[in-house]
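> This is the structure, below, for whatever I ask next.
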Amino acid sequence: MRRLLPVALVLMLSVLPLAARAQTVSDAGQKNVKQARVMLDAMVQALGGQAWLNVKNQMQQGNVAAFFHGEPSGGTTEYWECHTWPDHDRIEYSRHRDVVQFYIGQTGTEVTYKGRAPLPQEQVDDFLRRREHSIETVVRLWLNDSNTILIYEGQRLVERHLADQVTLISRANEAVTILTDVETHLPLRRSFEWRDPDYKDMNLDAEEYDNYHTIDGFPTPFTITRYKNGDITRQYFLVHVTYNEDLPADFWSVDAAEGRIKK
């Protein structure tokens, strides 16, 4: 990924000897990396610091609205979701919670009154892609890899909030951009690009976070808006969130979920 130096720095470098140019670029690069790291460390502290890093699971309940070409495609659906780091997710839909989706490891399974069935691969890929580029994954894995590149990109506006923008590039050349509020340091937006396997064009996946409430000591966004290529695709409105729940022994069992849902 190519990043352009500020114009003033380029002009200054053009009149310097080669050795001095290299040193100037090196110094500027190191300063930029440090600034990016400061921003990310501030974000982690704002989210709850080491306690947030050690969260074992998050349970949330709310309503989700779907959009098509950026326009609402109907009403809202009740949902319950549990995420356990690093790769266990369970989502239940409808008032009776009789549609249950499991994303465990690299697989996706849905259970309804008809029984169980694999989720469409496109849907599974989309979910796993977002999980692999989540803020949680970036902080827990990418930041601890010495091969990850950090770039501070200045300040931007996110829904009338001034934000610091940082991009991380992994050893696999995957990039995630995070914008954090300049005052609270809480995440306002996370985005990444991915190439469509069929059409080979690039897509932009983004999430924006708003309406933070502190739950069990952790600032938590109660409004999450998801975008694809600039169009809203989903909007989540949370009503209840808990952390570090003691889950039933069969919570991640597809067999148990299938047995619970009436045929």
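The values are calculated or read from the model by the stated rules, or taken from the named source; none is laboratory data. If you're wondering where the values come from, they're calculated on a predicted model, not measured in any experiment. Positions of Cβ are backbone-derived with ideal geometry, glycine not excepted, and every protein chain shown enters the neighbour counts.
To keep it simple, each residue is scored yes or no on (1) surrounded by fewer than 12 Cβ atoms within 10 Å (Cβ to Cβ); (2) assigned to a strand (DSSP E or B).
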site	(1), (2)
LYS31	yes, no
TRP52	no, no
ALA65	no, yes
ASP89	no, yes
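> Scanning for something touching a residue at least 12 places away in the same chain (Cβ under 8 Å) and over 19 Å from the mean Cα position of the chain (by Cα), does segment 193-209 turn up at least one residue? Steps first, please.
Within segment 193-209, the subset touching a residue at least 12 places away in the same chain (Cβ under 8 Å) is 193-194, 203-209.
If we keep only those that are over 19 Å from the mean Cα position of the chain (by Cα) as well, we get none.
Checked against the condition, which is being touching a residue at least 12 places away in the same chain (Cβ under 8 Å) and over 19 Å from the mean Cα position of the chain (by Cα), segment 193-209 yields no hits at all.
> Can you work out which of the residues in segment 181-192 that are in contact (Cβ under 8 Å) with a residue 40 or more places away in the chain and more than 15 Å from the chain's Cα centre (by Cα) is surrounded by the fewest Cβ atoms within 10 Å (Cβ to Cβ)?
In this case the residue turns out to be THR184.
> Does segment 205-221 contain any residue that is farther than 27 Å from ASN57 by Cβ and of a type outside the set (Val, Ile, Thr)?
Of all residues in segment 205-221, those farther than 27 Å from ASN57 by Cβ come to none.
Within segment 205-221, not a single residue is farther than 27 Å from ASN57 by Cβ and of a type outside the set (Val, Ile, Thr).
> Give me a count of the residues in segment 63-82 that are out of contact with any Ser or Thr (no Cβ under 9 Å at 6 or more places or on another chain) and modelled with pLDDT of 95 or more. Don't jump to the end; show me each part of the working.
Going residue by residue through segment 63-82, those that are out of contact with any Ser or Thr (no Cβ under 9 Å at 6 or more places or on another chain) are 69, 71-76, 80-82.
Then drop every residue that is not modelled with pLDDT of 95 or more, which leaves 80-82.
Going through segment 63-82 one residue at a time, the tally reaches 3.
> Within 22 Å of ILE261 (Cα to Cα), touching a Gly at 6+ places or on another chain (Cβ under 8 Å) and among the acidic types (Asp, Glu) - does that describe any residue in segment 78-98?
There is at least one residue in segment 78-98 that is within 22 Å of ILE261 (Cα to Cα), touching a Gly at 6+ places or on another chain (Cβ under 8 Å) and among the acidic types (Asp, Glu).
So that you can scan it fast, the table gives a plain yes or no per residue for (1) over 24 Å from THR242 (Cα atoms); (2) β-branched (Val, Ile, Thr); (3) in a loop (DSSP other than H, G, I, E, B):
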site: ARG171; (1), (2), (3): yes, no, yes
site: THR180; (1), (2), (3): no, yes, no
site: TRP194; (1), (2), (3): yes, no, no
site: TYR199; (1), (2), (3): yes, no, yes
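> Also, quick follow-up: Given (1) among the aliphatic types (A, V, I, L, M); (2) part of a strand (DSSP E or B); (3) modelled with pLDDT of 95 or more, identify the lone condition not met by MET39.
For MET39, the exception is condition (2).
Residue by residue, here is whether (1) surrounded by 16 or more Cβ atoms within 10 Å (Cβ to Cβ); (2) farther than 19 Å from HIS240 by Cα holds:
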position: HIS96; (1), (2): no, no
position: VAL99; (1), (2): yes, yes
position: ILE104; (1), (2): no, yes
position: VAL111; (1), (2): yes, yes
position: ARG116; (1), (2): no, yes
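> In the set ALA172, ALA163, ALA117, which member is among the aliphatic types (A, V, I, L, M), within 30 Å of LYS262 (Cβ to Cβ) and out of contact with any His (no Cβ under 9 Å at 6 or more places or on another chain)? Walk me through how you get there before you give the answer.
Values: ALA172 fails: within 30 Å of LYS262 (Cβ to Cβ); ALA163 fails: within 30 Å of LYS262 (Cβ to Cβ).
None of the other options fit; the residue is ALA117.
> Could you list, ordered by first residue, the pairs with Cβ atoms under 8 Å in which the first is in segment 158-180 and over 12 Å from SER191 (Cβ atoms) and at pLDDT 95 or above and the second is among the small types (Gly, Ala, Ser) and surrounded by fewer than 20 Cβ atoms within 10 Å (Cβ to Cβ), at least 6 apart or interchain?
Filtered contacts from segment 158-180: ASP164/GLY154; ILE169/ALA175; THR180/ALA42; THR180/ALA46.
> Let me ask you something else. Out of (1) over 30 Å from LYS262 (Cβ atoms); (2) touching a residue at least 40 places away in the same chain (Cβ under 8 Å); (3) polar (S, T, N, Q); (4) out of contact with any Pro (no Cβ under 8 Å at 6 or more places or on another chain), the odd one out for THR137 is which?
So THR137 meets the others, but not (4).
> TRP252 fails exactly one of the following numbered conditions: (1) touching a residue at least 60 places away in the same chain (Cβ under 8 Å); (2) crowded, with 18+ Cβ neighbours inside 10 Å; (3) touching a His at 6+ places or on another chain (Cβ under 9 Å). What is the number of that condition?
With respect to (1) touching a residue at least 60 places away in the same chain (Cβ under 8 Å); (2) crowded, with 18+ Cβ neighbours inside 10 Å; (3) touching a His at 6+ places or on another chain (Cβ under 9 Å), TRP252 is out only on (2).
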